[in-house]
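Q: Got a structure for you, written out below as structure tokens; questions coming shortly.
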Amino acid sequence: MAEQRALHEPFHEAERQEEADRLGMLVFLGSEAMLFGGIFAVAMALRLLHPQDYIAASSQMKLWHGTLNTAVLLTSSLMAALAVEAARGGSPRWAGRALWSAVALGLLFLGIKGHEYWLEYREGAIPGLANAHVGSAFEQLFMNLYCAATGLHALHLIGGMVLLAIAALKRSAREDRQAVLIGNVALYWHLVDLVWVFLYPTLYLAGAGQ
Amino acid sequence: MTAGVLRLLLVWLALMLLLAATLGAAFLPLGAAKPWIGYVLAAGKAGLILWFFMDMRGEGGLMRLATGAALLWILFMLCLIGADYLTRAMPG
């Protein structure tokens, strides 16, 4: 049976406290979305000012790495959602398995991303590195945007994996039928997924088929 | 398998189909509509993630408002920045 969670001031009811936990997480995620919103705004400005150059620079992206990673992240989101469903349904073991699956898929995402970075490094496409020989000034701008966007996303992904692992290791979290911790960690993981869903057309698809 | 698990699996299947559609559409000669179609399909994926995975379907007004407010402000920001760059070339 799930242990009773401690109430903290100013709450006198578990239900209100849980609602506040969730609202706090959603407001935090709103601020995270604004952070990434700045990156999308930069991408939009670059594309509006230099439409042809943007498409040409995007066509150099590793489309299949990006596509595979989108599928991996969408599947990891499914695992996080299944973990919440399992915890609410009173199946702590399945909740744990689903959380670890989401972590494993996060690692797979990082592996694919790392391979992509490695190929780009070998091609000299990463600006600022010793072997960099990025073509035009615009290509350099685009690659700066790409590195900032995917780097920031990867940092969030690593943070999300740590949170998922903490939730998976905590027995009280897995046995919580309200799924407060698992639910909030899953929300964070879904945001990481949502950001990638929009990074994919922004960075990879603009130049597809060119 | 419970109804909830089945629902989530179907949503995942829909997400995969949308991903395939997004990739396929990127290779079609759609001209100026191409980025729009890409982003509409991305918004479709985002909608499914928000509604089912993030469980907005089961949330009350307060949670939906908090989530919607963030999305609305991002849209405002993108619209205003877009309006700036799109109208710079206009004769003043």
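Q: For the range B:40-62: of the residues being at the interface with chain A (Cβ under 9 Å from one of its Cβ atoms) and at pLDDT below 95, which is nearest to A:LEU187 (Cα to Cα)? Reasoning before the result, please.
A: First, pick out the residues of the range B:40-62 that are at the interface with chain A (Cβ under 9 Å from one of its Cβ atoms): B:41-43, B:45-46, B:49-50, B:52-55, B:59-60, B:62.
If we keep only those that are at pLDDT below 95 too, we end up with B:55, B:59-60, B:62.
Numbers: B:ASP55: 9, B:GLU59: 13, B:GLY60: 16, B:LEU62: 16 Å.
So, considering only residues that are at the interface with chain A (Cβ under 9 Å from one of its Cβ atoms) and at pLDDT below 95, the one nearest to A:LEU187 (Cα to Cα) is B:ASP55.
Q: If you take just the helices (runs of 4 or more DSSP H) that sit entirely in the range A:1-89, which of them hold at least 2 residues that are crowded, with 18+ Cβ neighbours inside 10 Å, facing chain B (nearest Cβ under 10 Å) and among the aliphatic types (A, V, I, L, M)?
A: The qualifying helices (runs of 4 or more DSSP H) are A:14-49, A:63-88.
Q: Consider B:ALA89 carefully, then state whether it is surrounded by 14 or more Cβ atoms within 10 Å (Cβ to Cβ) and small (Gly, Ala, Ser).
A: Working: surrounded by 14 or more Cβ atoms within 10 Å (Cβ to Cβ): no; small (Gly, Ala, Ser): yes.
Criteria not met by B:ALA89.
Q: May I pose another question? Select the helices (runs of 4 or more DSSP H) contained entirely in the range A:98-210, then report the ones holding at least 1 residues which are within 11 Å of chain B (Cβ to nearest Cβ) and either within 14 Å of the chain's Cα centre (by Cα) or free of Cβ contacts under 8 Å to residues at least 12 places away in the same chain (or both).
A: Helices (runs of 4 or more DSSP H) meeting the threshold: A:180-199.
Q: Counting only residues that are polar (S, T, N, Q) and more than 25 Å from B:PRO35 (Cβ to Cβ), which one in the range A:1-56 is nearest to the chain's Cα centre (by Cα)?
A: A:SER31
Q: How many residues, within the range B:1-38, are farther than 30 Å from A:GLN210 by Cα and of a type in the set (Lys, Arg)?
A: Let us first name the residues in the range B:1-38 that are farther than 30 Å from A:GLN210 by Cα, namely B:1-11.
Next cut, of a type in the set (Lys, Arg) only: B:7.
So the answer is 1.
The values are calculated or read from the model by the stated rules, or taken from the named source; none is laboratory data. These numbers come from a predicted model, not from an experiment. Every residue, glycine among them, receives a Cβ derived from its backbone with ideal geometry; neighbour counts consider all protein chains shown.
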